[in-house]
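Below is one structure, written out as structure tokens; the observations come after it.
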Amino acid sequence: MRFAKREEPNRVNALRKEINDTRAAGNPEVFKAGSKKPQTHGTAGSRGGNETMNREMVKKTERFLKELFDASPFMTAHPEDRAYRLEHTYRVANIGRQIAQAEGFDETEMVIACLLHDVSYCEDFGETGWKEHGRRAAQIARPFLRELGLPEERVQDICYGIAIHVDDVADFEGERTPFALSVGDADNIDRFDAYRIHERLCGDGFREMPLEEKSAYVTGRIGKLRGLMNLEMGTAAAKKLWQERLSFYILFYEKLEAQLNSSREV
Ligand SMILES: [Fe+2]
């Protein structure tokens with residue numbers, strides 16, 4: 001078995017080391033670098049009128065995902081995790097759809113890929129299994145995608161994108177197409193928007209920190225976030241969305257920093 005080539009392992013590892021959360025602390029922020037390869041176009045099913053997405057195939061995918069989540073002992077025991085994962089999945093699917101529209105990818109295929117990117121959360125990862133969840137999600141998705149009737153080449157592209165979305169590594173041979181890279185890009189874009197500001201602050205115990213610790217924390221966050229502004233993405237559309245959302249994210253922390261600076265004296 002040949003593993004996918006990692007193009008910028010040092011950069012990826014440095015970014016990951018710098019900003020990853022542990023799973024125990026909440027929802028990890030994992031990054032990967034992207035690279036452009038010739039685009040491949042999908043061949044998803046029929047569409048009516050002005051509809052640019054095959055609703056029937058998307059509905060089938062939603063049912064598949066929800067049935068696995070519903071049957072999952074882990075998610076039954078952790079209903080808040082189920083709710084978060086499903087909501088995050090829909091946000092990623094909507095971001096993926098935006099990227100697909102801008103880049104001319106097949107919207108149905110991109111939405112399906114994004115809906116399934118975290119399907120492996122139906123399983124309990126244990127203490128060490130989290131980093132495998134992209135590769136595991138691809139394994140779960142592949143037979144379903146074949147059942148949907150997608151051509152094998154499209155199944156491969158979708159599965160490759162799902163497999164590499166966590167740590168940029170697949171356990172099967174594949175190509176880093178812009179389509180495949182877009183799955184992880186959509187995931188990362190959702191990690192840096194309004195929802196995650198709140199979640200991150202709660203997860204890191206910001207509210208309980210003394211003032212000086214708060215200031216140091218916020219200044220540190222701003223520095224790290226600025227360093228991510230030019231992170232490479234698989235497409236120009238993803239880069240634009242990334243920079244828009246990250247700019248907002250940074251602006252929030254800059255305003256918070258200013259507020260903290262006026263919290264000591266008059
Ligand atoms: Fe994921």
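Checking residue 157 against (1) more than 16 Å from the ligand (Cβ to nearest atom); (2) surrounded by fewer than 18 Cβ atoms within 10 Å (Cβ to Cβ); (3) in contact (Cβ under 8 Å) with a residue 24 or more places away in the chain, which test does it fail?
(2)
Filter segment 135-154 for residues that are touching a residue at least 12 places away in the same chain (Cβ under 8 Å) and farther than 16 Å from residue 68 by Cβ and give the result.
Matches in segment 135-154: 135, 149, 150, 151, 153, 154.
State the number of residues belonging to segment 165-186 that are buried (at least 24 other Cβ atoms within 10 Å of the Cβ) and within 12 Å of the ligand (Cβ to nearest atom).
5
The rows are residues; the columns are (1) among the acidic types (Asp, Glu); (2) in contact with an Asp or Glu (Cβ under 7 Å, 6 or more places away or on another chain).
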| residue | (1), (2) |
| --- | --- |
| 91 | no, yes |
| 153 | yes, no |
| 166 | no, no |
| 170 | no, no |
| 174 | no, no |
| 185 | yes, no |
| 188 | no, no |
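Kindly evaluate residue 91 against the criterion of being more than 16 Å from the ligand (Cβ to nearest atom), assigned to a helix (DSSP H, G or I) and either aliphatic (A, V, I, L, M) or out of contact with any Leu (no Cβ under 6 Å at 6 or more places or on another chain) (or both).
no
Among the residues of segment 120-148, count how many are out of contact with any helix residue (DSSP H, G or I) (no Cβ under 7 Å at 6 or more places or on another chain) and surrounded by 13 or more Cβ atoms within 10 Å (Cβ to Cβ).
Summing the residues that are out of contact with any helix residue (DSSP H, G or I) (no Cβ under 7 Å at 6 or more places or on another chain) and surrounded by 13 or more Cβ atoms within 10 Å (Cβ to Cβ) in segment 120-148 gives 4.
Are any residues in segment 164-179 in a helix (DSSP H, G or I) and under 21 Å from residue 130 (Cβ atoms), and if so, which ones?
Answer for segment 164-179, where residues must be in a helix (DSSP H, G or I) and under 21 Å from residue 130 (Cβ atoms): just 164.
Given the conditions (1) of a type in the set (A, V, I, L, M); (2) in contact with an Asp or Glu (Cβ under 7 Å, 6 or more places away or on another chain); (3) part of a helix (DSSP H, G or I), and given that residue 233 satisfies all but one, which numbered condition is not satisfied?
Evaluating residue 233 over (1) of a type in the set (A, V, I, L, M); (2) in contact with an Asp or Glu (Cβ under 7 Å, 6 or more places away or on another chain); (3) part of a helix (DSSP H, G or I) leaves (3) as the failure.
Taking residue 155 and the conditions (1) in a helix (DSSP H, G or I); (2) in contact with a Lys or Arg (Cβ under 7 Å, 6 or more places away or on another chain); (3) of a type outside the set (Asp, Glu); (4) closer than 21 Å to residue 192 by Cα, which numbered condition does it fall short on, given that it satisfies the others?
Checking residue 155 against (1) in a helix (DSSP H, G or I); (2) in contact with a Lys or Arg (Cβ under 7 Å, 6 or more places away or on another chain); (3) of a type outside the set (Asp, Glu); (4) closer than 21 Å to residue 192 by Cα, the one that fails is (4).
Taking the options 231, 260, name whichever one is at pLDDT below 95, away from the ligand (no atom under 16 Å from the Cβ) and among the aliphatic types (A, V, I, L, M).
Sole residue among the options that is at pLDDT below 95, away from the ligand (no atom under 16 Å from the Cβ) and among the aliphatic types (A, V, I, L, M): 231.
Out of all the residues in segment 209-266, which are loosely packed, with under 11 Cβ neighbours inside 10 Å and charged (D, E, K, R)?
Hits for segment 209-266 are 212, 264, 265.
Looking at segment 187-204, which of the residues that are within 14 Å of the ligand (Cβ to nearest atom) and of a type in the set (D, E, K, R) is surrounded by the most Cβ atoms within 10 Å (Cβ to Cβ)?
Filtering segment 187-204 for residues that are within 14 Å of the ligand (Cβ to nearest atom) and of a type in the set (D, E, K, R), the one surrounded by the most Cβ atoms within 10 Å (Cβ to Cβ) comes out as 187.
So, in segment 224-248, how many residues would count as being closer than 10 Å to residue 185 by Cβ and in contact (Cβ under 8 Å) with a residue 12 or more places away in the chain?
Matching residues across segment 224-248 total 9.
Would you mention how many residues in segment 100-130 are touching a residue at least 40 places away in the same chain (Cβ under 8 Å), in a helix (DSSP H, G or I) and within 11 Å of the ligand (Cβ to nearest atom)?
Of the residues in that region, 4 qualify.
The values are calculated or read from the model by the stated rules, or taken from the named source; none is laboratory data. What you see is a predicted model; the values in this text were computed from it and never measured. Cβ atoms come from the backbone with ideal geometry, glycine included; neighbour counts cover every protein chain shown.
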